[in-house]
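Engineer: For reference, the structure I am asking about is given below.
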Amino acid sequence: MNEIPHYRTVSGPLVDPFGRHVTYLRVSVTDRCDFRCVYCMAENMSFLPKKDLLSLEELDRVCSAFVERGVRKIRLTGGEPLVRRNIMSLVESLSRHVRSGALDELTLTTNGSQLVRYAGELARHGVRRINVSVDTRDPVKFKAITRWGDLSKVEAGLAAAKHAGLAIKINAVALKGVNENEIEDLIRWAHGEGMDITLIETMPMGDIEGDRTDQYLPLSVVRARLMDRFTLDDIPYKTGGPARYVRVSETGSRLGFITPLTHNFCESCNRVRLTCTGTLYMCLGQEDAADLRGPLRASESNHLLDAAIDEAISRKPKGHDFIIDRRHNKPALSRHMSVTGG
Ligand code: SAM
């Protein structure tokens, strides 16, 4: 039998069948989390066995293969990325791509609970900007939403991140009857602290022991209400993600909207999602996926991995259709957001 030669067989940018360049890789480094947000997880979640996880070295290898193929931005997420043991060694090794100029950005999305410990190291390893999820500034409501979270720890984490020089964007999920009356205050607070803020609609992912139609608050409604209070000017600002931004004249700062349900943001989709077990999802809102762990482990060179990545990108779908209404109140997708990291 012919040996497969150990040279790179594939190169060049990753372009999907619709001509979209894949330049953004989101990596869920763990499905575990120290919070149990009501819209994200059930309280008694069963997590993946540790043996199924890619090692940090393997995650580095897959990320680096994507960087070689033109990915310019990597976001580490989860679960909670900062609860993965030794996560800073991955951040440190990936930072070489920032230093070389191959990556424009290495960033992460976090619930902020571990930032007191890690903010300084993140900044030293070339992370310049982070997203921190804060849905409310009321400590009692915060506990009710996150089940296990402690707002004072997150606030200390935000202070540590600021002190370390990290730019912060707050992500807040808009929840009917929970934080809908607080959204104006959240915007004033974030902007007053020099942070951007993005509002997110709930997406129907994973069984959460509840009815999602109770939580769903269309951002079109939120935006209309905010326009009674603020002047919102559309701006072309882009971070490589799906948010659309406005500038709030009264605060002078940016406000983003992520609206998978009221506005389909697929036409400009540039991203794919890797799970901690090496499964690649080509669309947040579809079940189709590709296994990269098999090809990664089958060879020390990257030729099988590269071929699997090419094959996966050739299957990237045009888009998704999330629907939440009374007739569709089961999850559109069985997997939780913690698997693919939002
Ligand atoms: N633990 C980190 C955090 O809290 O940011 C990263 C992972 S978390 C899954 C990423 C983001 O997804 C958070 O802002 C969270 O609020 C959001 N999220 C989780 N489940 C969601 C859902 N069903 N719909 C909309 N956003 C969701």
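Engineer: Shape verdict for the stretch 1-157, please, from the Cα gyration tensor: rounded (a/c under 1.5), prolate (a/b greater than b/c) or oblate. Mind dumping the intermediate values first?
Structural biologist: Details: a/c = 2.13, a/b = 1.80, b/c = 1.18.
Prolate, because a/c is 1.5 or more and a/b exceeds b/c.
Engineer: Please turn the phi angles of the stretch 201-206 into ³J(HN,Hα) values with the Karplus equation 6.51 cos²θ - 1.76 cosθ + 1.60 (θ = phi - 60°), one per residue in order, whole Hz, x for glycine and proline.
Structural biologist: Going residue by residue, I get 7, 5, 10, x, 10, x Hz, with x marking Gly and Pro.
Engineer: Find the accessible area per residue for the stretch 1-128; the probe is 1.4 Å, ligands and nucleic acids are left out, and the unit is Å².
Structural biologist: On the way: 5840 Å² over 128 residues.
On a per-residue basis, the stretch 1-128 sits at 46 Å².
Engineer: Another one. Among the DSSP beta bridges whose two residues both lie in the chain, what percent are antiparallel, rounded to the nearest 5? Don't skip to the end; give the middle numbers.
Structural biologist: Numbers: 16 of 47 bridges.
Counting only bridges with both partners in the chain, antiparallel ones make up about 35 percent.
Engineer: Which value, in debye to the nearest 20, gives the size of the charge dipole of the stretch 218-279 about its Cα centre, when Lys and Arg are +1 and Asp and Glu are -1 at the Cβ?
Structural biologist: Numbers: 9 positive and 5 negative charges, 36 e Å.
Computed about the Cα centre, the dipole is about 180 debye.
Engineer: When the helix-only estimate is applied to the chain (DSSP H runs of n ≥ 4, each -39,500 (n - 2.57), divided by the residue count), what is the mean residue ellipticity at 222 nm, nearest 500 deg cm²/dmol? List each step's numbers first, then the result.
Structural biologist: Values: 10 runs with 100 residues, N = 342.
Theoretical 222 nm ellipticity from helices: -8500 deg cm²/dmol.
Engineer: Dividing the alpha-carbon Rg of the chain by 2.2 N^0.38 Å yields what? Walk me through the intermediate numbers first.
Structural biologist: Details: Rg = 19.8 Å, N = 342, 2.2 N^0.38 = 20.2 Å.
With N residues counted in the chain, Rg over 2.2 N^0.38 Å equals 0.98.
Engineer: Would you list, by chain and number, the aspartates and glutamates whose Cα falls below 20 Å from the Cα of Lys316, excluding same-chain residues fewer than 8 positions away?
Structural biologist: Those aspartates and glutamates meeting the cut-off are Asp16, Glu68, Glu267, Glu287, Asp288, Asp291, Asp306.
Engineer: For the chain, calculate the relative contact order in percent as a whole number, restricting contacts to Cα pairs under 8 Å that are 6 or more residues apart. Before the final figure, lay out the partial values.
Structural biologist: Details: 675 pairs, mean separation 77.5, N = 342.
Reported as a whole number, the value is 23 percent.
Engineer: Report the charge-dipole magnitude of the stretch 77-205 in Debye, nearest 20, computed about the Cα centre from +1 at each Lys and Arg Cβ and -1 at each Asp and Glu Cβ.
Structural biologist: On the way: 17 positive and 16 negative charges, 108 e Å.
Around 520 debye, computed over the stretch 77-205.
Engineer: Just to be sure I understand the model, the point goes 7 Å from the Cα along the line to the Cβ. What's the resulting Thr251 to Lys51 distance in nm?
Structural biologist: 4.9
Engineer: Report the FRET efficiency, 1/(1 + (r/R0)^6), for Ala298 and Arg147, where r is their Cβ-Cβ distance and R0 is 25 Å, rounded to 0.05.
Structural biologist: After rounding, the FRET efficiency stands at 0.05.
Engineer: Here is a further query. Taking a cut-off of 29 Å between Cα atoms, list the lysines near Lys162, but don't count ones fewer than 8 places away on the same chain.
Structural biologist: Lys73, Lys141, Lys143, Lys153, Lys238
Engineer: So for the pair Ile235, Arg85, with labels modelled 7 Å out along Cα→Cβ, what separation do we get in nm?
Structural biologist: Result for the modelled spin labels: 4.4 nm.
Engineer: Continuing with the same structure: How much FRET efficiency would the formula 1/(1 + (r/R0)^6) give for Glu267 and Glu184, where r is the Cβ-Cβ distance and R0 is 30 Å, rounded to 0.05?
Structural biologist: Values: r = 31 Å, r/R0 = 1.02.
E(calc), rounded to 0.05, equals 0.45.
Engineer: Whenever you get a sec, compute what percent of the accessible area on the stretch 1-146 sits on carbon and sulfur atoms (1.4 Å probe). Mind dumping the intermediate values first?
Structural biologist: Numbers: 3410 of 6560 Å².
Exposed carbon and sulfur together represent 52 percent of the surface.
Engineer: What full-extension length gain, to one decimal in nm, is calculated for Ser11 and Asp207 as 0.36 nm per residue of separation minus the Cα-Cα distance? Kindly include the intermediate steps, with their values, before the conclusion.
Structural biologist: Numbers: separation 196, 0.36 × 196 = 70.56 nm, distance 3.95 nm.
So the extension gain works out to 66.6 nm.
Engineer: For Glu193 and Glu121, calculate 0.36 nm times their separation in residues minus their Cα-Cα distance, and state this gained length in nm to one decimal. Display every interim value, and only then the final one.
Structural biologist: Numbers: separation 72, 0.36 × 72 = 25.92 nm, distance 2.20 nm.
Full extension from Glu193 to Glu121 adds 23.7 nm.
Engineer: Would you give the gap between the C-alpha center of the stretch 119-134 and the C-alpha center of the stretch 11-69, rounded to a whole Å?
Structural biologist: 18
The values are calculated or read from the model by the stated rules, or taken from the named source; none is laboratory data. Every value quoted in this text rests on a predicted model; they were computed, and no experiment measured them. FYI the Cβ positions are ideal-geometry reconstructions off the backbone, even for glycines, and counts take in every protein chain you see. Accessible surface areas use protein heavy atoms only, side chains included; no ligands, DNA or RNA. Shrake-Rupley method; radii C 1.70, N 1.55, O 1.52, S 1.80 Å.
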